[in-house]
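Report on the structure given below.
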Amino acid sequence: MTTARIERHHYDVVVIGAGGAGLRAAIEARLAGKRTAIISKSLFGKAHTVMAEGGAAAAMGNVNSRDNWMVHFRDTMRGGKFLNNFRMAELHAKEAPERIWELETYGALFDRTKDGKISQRNFGGHEYPRLAHVGDRTGLELIRTLQQKIVSLQQEDFAETGNYDARIRVFSETTITELLLDGNRVAGAFGYYRESGEFILLEAPAVILATGGVGRSYKVTSNSWEYTGDGHALALRAGATLINMEFLQFHPTGMVWPPSVKGILVTESVRGDGGVLRNSEGKRFMFDYVPDVFRKQYADTEEEADRWYNDPDNNRRPPELLPRDEVARAINSEVKAGRGTKAGGVLLDVSTRMPAETITKRLPSMYHQFKELADVDITKEPMEVGPTCHYVMGGVEVEPDSTAAMGTVEGLFAAGEVSGGMHGSNRLGGNSLSDLLVFGKRAGEHAAAYTDSLTKRPKVTTSDVESAVLTALAPLERPGGENPYTLQQDLQAVMGDLVGIIRREGELTDALKRLQQLKLRVAQVGAIGGRRYNPGWHLALDLRNMLIVSECTAKAALEREESRGGHTREDFPQMNPQWRLINLVCSLDGSGDVHLERKPVPRMRDELIQLFERSELSKYLTEGEITQFDAIEGPTGDAAIPGAKSKTEAK
Amino acid sequence: MGTKRHFRVWRGDSAGGDIEDFDVEVNEGEVVLDIIHRLQATQTPDLACRWNCKAGKCGSCSMEINGKPRLGCMTRMSTFEEDETVTITPLRTFPVIRDLVTDVSFNYDKARETPAFAPPPGVAPGDYRMQQVDVERSQEFRKCIECFLCQNTCHVVRDHEENKAAFSGPRYFIRAAELDMHPLDDRTDRKEYAQSHQGMGLCNITKCCTEVCPEHIKITDNAIIPMKERVVDRRYDPLVWLGRKIFRRDQLDGDGENMAPSSSVGVTDVAKGAPFTTNRGPEGPEVREDGRMDVTEVTLPTQGGPSPFGDQQFPLPSGRVAYQPPAPQYGVHDDGQDGDHGTDGHHQGH
Ligand SMILES: Cc1cc2nc3c(=O)[nH]c(=O)nc-3n(C[C@H](O)[C@H](O)[C@H](O)COP(=O)(O)OP(=O)(O)OC[C@H]3O[C@@H](n4cnc5c(N)ncnc54)[C@H](O)[C@@H]3O)c2cc1C
Ligand code: SF4
Ligand code: SF4
Ligand code: FES
């Protein structure tokens, strides 16, 4: 196998992924003067970020001036059930407003408040209206804005050098299959053009992973074909570690019927704007599922809940606005108890609660989508919804300030959904888009700084490239091998049925066994057809990534004997404060098998933990930790937040 | 419970190709993209097709279904007759890469040639203030999912490779309009620029682009016409040449730069002030009961110009069809021209 004909490029920073995180990182690296490449499996501007609907959370305080980063931090930690990396949650809450405002200077047009500021909307788990939004197409606005900013940087470069690609170049429809190392240092990335099947080698001392999530391993998912966990697997193989892989978010309200819209999400703002959930008996069942920790904030009668929409200061919120894992679990219980619809969902109704014009105004693309795709008129009839695999909280373990990957590798950075820690065991709606911007920027900045710190460029070795070529071509050499689509379906069945939303020990052990069998079969996967735009071949290559990431999820899910956020064990239904002290960290051992390790969760700084009330903390922390908390001096809870409302004011 | 249905899918690459016949299972509630996925999973694992979201949000799955430019994921099977053959072909205006995948780099090149947002000097991030009514006009255009169906449909480039260099296309006219209407954009020459550098003058307001836009953006009425309106009385515009049909004489008068031939319309003042009838005036067309607009320009059996196979009625008769897509435009999308090839890198193809 010769490597002489492989197209080679030299860059300072290579960003894998053209979603919100990747584009923001690339902008920062380019602004730092680095030659930057952006790689994306799909066309420029089509990454998964376009699908985000609800909004981007940032405590700008435009709608309620009591909001600030401390309240946002608190909500994020609560949502993640205190397992979040506190430093990431802190940076995120502090920097999100700046990142959103910056988008306006790139040309973004958010919806406005009466006084002309960026409007912010309510969302599950956020204490104040906090999500900057554009109708229900916020993700599209975000990615288009960043895409257009990159184009404008290219225009600047063109004016200066006569070449648009002089400093920042987009390689669209290009898949990276391998990271190449020089010792422990990143030296480059290897992949293929999807169009031609030709290989490409990008030599660079710094690589930023921004490849998004893993949802394609599940049967019902909102995620597209891109989400095969490539970044997670690339990081593992390069010697980095993954954290929290047992925590997957199942969106409570994905469409389950009709099939043309199966897996498509009904944005949570439907609930924020007044949508209610009913079972097949017509009962508004969420009132039965308010967990004790949330009793104080949520209404217990339909009357109070209904009053909240118009008078949020004097009423408690409806239970439909509980964090999404609570909602998902409630729906799952209803369906399992035989109170679901035929297709295995429950009913989400806005039609009886708002006039048709309000619905079409507030949820234009939702309305449009269902009318056009499924001939369902949401202004007239309820929607059939159920839990859908949506987001992976787990990901590359990173150093919070620099986003540098932990483990043995140097020069690798990760931002966006592919990174882990920020969201703990559960992500609040809207916290992802802001996460992309905050940590995307940090990744670009620190990757650029890292390249400056090197005295010598790491070198790619020819033998590594040769073996990458062989691995990539292997499925094509086995035209009689197993059909990749069948393998993918089998994998999805294992993960959906055995490592799904509700988990049990027996099923998880079974899943691990089946994953081992699948591993042997995936090693024999075949592809027919040539190298030009061949989806069968592409899937065959993605399978090994999906498999390794699924193994991490299953292993960690088996290990964690408690229920918390996006991880529910039927055999351990309670949250256990001892487990809050533990992160589960995956790495690959010499033979390529997943190795799982327990590591301590970093302890929150005093001034941050003081933002919480003792009564709240006592539900999450061990007694020892509470004793430590009591020893800290100064005000706690709302009293520690300047300008916050006092508890007596809220009923 | 599924029924077998007959599908015809164009397969091939830049060297040419054929329509291939398939019988596939179709279930209730499915869309065309579901059927393509079933084909990939059961019969043709290497059938190339772009998609991402399957929800009409990313604009990846553009194709021509029975000759109509559409999103595969938004075309319900229930819109066809039970026994209707469904013929799927690639976008016609762009060079074929493989099967249903075309080279849409034309659009990305045009995007680069459209001047970016110019932030207002002296306004700090966080200090931007705009009223909702003012941003709404531009927001309509920012709904664009870049499916490029409008670009594919526009007759200025659809069969006219030669116009591609000068013409940015409707997608980039709405981009220009969006920035023109942006309350804080600092450039004032968006209209002139669209006219002189983006080839907006070649557009003769046929509204085919509006008709195919899956986001229902009123491309012509809300973007192109307002962009043309004020430009028209300032500079030469091929449209003015058509002016005798479209514009009243008083609109043409008093413009020294106007090189349009004189016209008799309105000379007697009979038609003055009356909307002209033999062509579309600047006001919007009738919206039909189904919420769509009629396409009046060319009345063809299929939307937006003839099929890739010459004049055909769909479904196509069986037998071989030799479709010769235009040769790929090298030099427009020059991979690695910036000297990126390493010393040992002769990228000599296959
Ligand atoms: C339906 C839906 C609605 C959502 N709504 C919201 C919301 O309202 N608010 C919110 O905050 N979040 C929301 N989310 C979550 C949020 O959209 C995602 O978490 C976020 O967009 C992830 O962005 P990213 O930049 O990490 O990756 P992505 O935008 O997914 O981009 C990944 C990129 O990596 C590329 N890539 C992957 N693998 C490779 C490879 N091997 N080689 C080269 N390139 C590769 C892909 O091509 C793609 O460009 C939603 C998600 C979904 C699915
Ligand atoms: S109105 Fe007609 S000519 Fe003008 S851009 Fe649209 S399709 Fe092209
Ligand atoms: S304007 Fe409409 S048709 Fe044209 S690219 Fe945008 S969404 Fe597609
Ligand atoms: S797949 Fe995204 S628009 Fe059809």
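The values are calculated or read from the model by the stated rules, or taken from the named source; none is laboratory data. If you're wondering where the values come from, they're calculated on a predicted model, not measured in any experiment. Every residue, glycine as well, gets a Cβ built from its backbone with ideal geometry; the counts of neighbours run over all protein chains shown. To get the accessible areas, we keep the full protein, side chains included, count just its heavy atoms, and leave off ligands, DNA and RNA. Shrake-Rupley method; radii C 1.70, N 1.55, O 1.52, S 1.80 Å.
Could we say that B:Thr79 is assigned by TED's automatic domain parsing to the domain that holds B:Val31 and either more than 20 Å from B:His160 (Cβ to Cβ) or among the hydrophobic types (A, V, I, L, M, F, W, C) (or both) here? It is true that B:Thr79 is assigned by TED's automatic domain parsing to the domain that holds B:Val31 and either more than 20 Å from B:His160 (Cβ to Cβ) or among the hydrophobic types (A, V, I, L, M, F, W, C) (or both).
The number of residues in the range B:137-149 being open to solvent by 20 Å² or more (accessible area, probe 1.4 Å) and within 28 Å of B:Asn52 (Cβ to Cβ) comes to 2. Taking the stated definitions as given, is A:Asp75 of a type in the set (Asp, Glu) and part of a helix (DSSP H, G or I)? The answer is yes for A:Asp75. Looking at the range A:169-185, can you tell me whether even one residue there is within 28 Å of A:Val392 (Cβ to Cβ), free of Cβ contacts under 8 Å to residues at least 40 places away in the same chain, facing chain B (nearest Cβ under 10 Å) and not polar (S, T, N, Q)? Looking through the range A:169-185, none of the residues is within 28 Å of A:Val392 (Cβ to Cβ), free of Cβ contacts under 8 Å to residues at least 40 places away in the same chain, facing chain B (nearest Cβ under 10 Å) and not polar (S, T, N, Q). Here A:Leu131 meets the list (1) within 11 Å of ligand 1 (Cβ to nearest atom); (2) more than 14 Å from chain B (Cβ to nearest Cβ); (3) closer than 30 Å to A:Leu179 by Cβ; (4) of a type outside the set (D, E, K, R) almost entirely, failing just condition (3). One residue alone among A:Asn68, A:Asn84 is out of contact with any strand residue (DSSP E or B) (no Cβ under 9 Å at 6 or more places or on another chain) and surrounded by fewer than 24 Cβ atoms within 10 Å (Cβ to Cβ), and that residue is A:Asn68.
Residues that are open to solvent by 20 Å² or more (accessible area, probe 1.4 Å) and of a type outside the set (Ser, Thr, Tyr) within the range A:401-411 comprise A:Asp401, A:Ala404, A:Met406, A:Gly407, A:Glu410, listed in sequence order. Are any of the residues in the range B:62-77 without any contact (Cβ under 8 Å) to a residue 24 or more places away in the chain and either over 30 Å from A:Gly212 (Cα atoms) or polar (S, T, N, Q) (or both)? No, every residue in the range B:62-77 fails to be without any contact (Cβ under 8 Å) to a residue 24 or more places away in the chain and either over 30 Å from A:Gly212 (Cα atoms) or polar (S, T, N, Q) (or both).
Only residues that are in contact (Cβ under 8 Å) with a residue 24 or more places away in the chain, in a strand (DSSP E or B) and either open to solvent by 50 Å² or more (accessible area, probe 1.4 Å) or out of contact with any Gly (no Cβ under 7 Å at 6 or more places or on another chain) (or both): list them for the range B:1-19, please.
Taking the range B:1-19 first, the residues in contact (Cβ under 8 Å) with a residue 24 or more places away in the chain are B:1-3, B:5-14, B:16-19.
Add one more test, that the residue is in a strand (DSSP E or B), and what stays is B:3, B:5-13, B:16-19.
Answer for the range B:1-19, where residues must be in contact (Cβ under 8 Å) with a residue 24 or more places away in the chain, in a strand (DSSP E or B) and either open to solvent by 50 Å² or more (accessible area, probe 1.4 Å) or out of contact with any Gly (no Cβ under 7 Å at 6 or more places or on another chain) (or both): B:Thr3, B:Arg5, B:His6, B:Phe7, B:Arg8, B:Val9, B:Gly12, B:Asp13, B:Gly16, B:Gly17, B:Ile19.
Taking the range B:166-182 as the range and being surrounded by fewer than 24 Cβ atoms within 10 Å (Cβ to Cβ) and more than 13 Å from every other protein chain (Cβ to nearest Cβ) as the test, the residues that pass are B:Ala166, B:Phe167.
Any chance the range B:191-202 includes a residue that's more than 13 Å from chain A (Cβ to nearest Cβ), more than 16 Å from ligand 4 (Cβ to nearest atom), buried (at least 19 other Cβ atoms within 10 Å of the Cβ) and basic (Lys, Arg)? Yes, because at least one residue in the range B:191-202 is more than 13 Å from chain A (Cβ to nearest Cβ), more than 16 Å from ligand 4 (Cβ to nearest atom), buried (at least 19 other Cβ atoms within 10 Å of the Cβ) and basic (Lys, Arg). Among the residues of the range A:253-299, the ones that are open to solvent by less than 10 Å² (accessible area, probe 1.4 Å), part of a helix (DSSP H, G or I) and of a type in the set (A, V, I, L, M) come to 3 in all. Only one of the listed residues (B:Asp127, B:Asp134, B:Asp159) is open to solvent by 20 Å² or more (accessible area, probe 1.4 Å), at the interface with chain A (Cβ under 9 Å from one of its Cβ atoms) and in contact with a Pro (Cβ under 9 Å, 6 or more places away or on another chain). That residue is B:Asp134.
Among the criteria (1) of a type in the set (D, E, K, R); (2) within 16 Å of ligand 4 (Cβ to nearest atom); (3) in a loop (DSSP other than H, G, I, E, B); (4) touching a helix residue (DSSP H, G or I) at 6+ places or on another chain (Cβ under 6 Å), the one B:Asp185 does not fulfil is (2).
Considered as a group, the residues in the range B:48-71 that are away from ligand 1 (no atom under 16 Å from the Cβ) and buried (at least 24 other Cβ atoms within 10 Å of the Cβ) include one that is farthest from the other protein chains (Cβ to nearest Cβ), and that residue is B:Gly67. Of all residues in the range B:141-156, those being part of a helix (DSSP H, G or I) and facing another protein chain (nearest Cβ under 10 Å) number 2. I'd like to check something: does the range B:117-133 contain any residue that is within 16 Å of ligand 3 (Cβ to nearest atom), assigned to a helix (DSSP H, G or I), not hydroxyl-bearing (Ser, Thr, Tyr) and not assigned by TED's automatic domain parsing to the domain that holds B:Gly56? No, there is no match, as no residue in the range B:117-133 is within 16 Å of ligand 3 (Cβ to nearest atom), assigned to a helix (DSSP H, G or I), not hydroxyl-bearing (Ser, Thr, Tyr) and not assigned by TED's automatic domain parsing to the domain that holds B:Gly56. Note on the range A:372-392: residues that are facing chain B (nearest Cβ under 10 Å) and open to solvent by 40 Å² or more (accessible area, probe 1.4 Å) total 2.
The residue that is farthest from ligand 1 (Cβ to nearest atom), counting only those in the range A:250-273 that are away from chain B (no Cβ under 11 Å) and among the polar types (S, T, N, Q), is A:Thr253.
Taking strands (runs of 3 or more DSSP E) as the structural unit, those lying wholly within the range B:38-94 and holding at least 1 residues that are near ligand 4 (Cβ under 10 Å from one of its atoms) correspond to B:62-65, B:68-71. Exactly one residue among A:Ile359, A:Ile331 is without any contact (Cβ under 8 Å) to a residue 24 or more places away in the chain, buried (at least 16 other Cβ atoms within 10 Å of the Cβ) and away from chain B (no Cβ under 14 Å), and that residue is A:Ile359.
Might you check whether a residue that is more than 14 Å from chain B (Cβ to nearest Cβ) and in contact (Cβ under 8 Å) with a residue 60 or more places away in the chain occurs anywhere in the range A:504-516? If you could, list the steps in order and put the result at the bottom.
Restricting attention to the range A:504-516, the residues satisfying the condition of being more than 14 Å from chain B (Cβ to nearest Cβ) are A:504-516.
Subset that is in contact (Cβ under 8 Å) with a residue 60 or more places away in the chain: A:504-505.
Yes, the range A:504-516 contains at least one residue that is more than 14 Å from chain B (Cβ to nearest Cβ) and in contact (Cβ under 8 Å) with a residue 60 or more places away in the chain.
Here A:Thr408 fulfils each of the conditions (1) more than 23 Å from the chain's Cα centre (by Cα); (2) not assigned by TED's automatic domain parsing to the domain that holds A:Ala29 apart from (2).
Just to be sure before I move on: is A:Thr211 under 17 Å from the mean Cα position of the chain (by Cα), closer than 30 Å to B:Arg50 by Cβ and not in a loop (DSSP other than H, G, I, E, B) in the structure I sent? Explain how you work it out, then say what you get.
Values: under 17 Å from the mean Cα position of the chain (by Cα): yes; closer than 30 Å to B:Arg50 by Cβ: yes; not in a loop (DSSP other than H, G, I, E, B): no.
So A:Thr211 fails the test.
Looking at the range A:99-108, can you tell me whether even one residue there is under 30 Å from A:Pro291 (Cα atoms) and either in contact with a Phe, Trp or Tyr (Cβ under 8 Å, 6 or more places away or on another chain) or aromatic (Phe, Trp, Tyr) (or both)? There is no residue in the range A:99-108 that is under 30 Å from A:Pro291 (Cα atoms) and either in contact with a Phe, Trp or Tyr (Cβ under 8 Å, 6 or more places away or on another chain) or aromatic (Phe, Trp, Tyr) (or both).
Within the range A:598-613, is there a residue that is open to solvent by less than 70 Å² (accessible area, probe 1.4 Å), modelled with pLDDT under 90 and not assigned by TED's automatic domain parsing to the domain that holds A:Asn85? Checked against the condition, which is being open to solvent by less than 70 Å² (accessible area, probe 1.4 Å), modelled with pLDDT under 90 and not assigned by TED's automatic domain parsing to the domain that holds A:Asn85, the range A:598-613 yields no hits at all.
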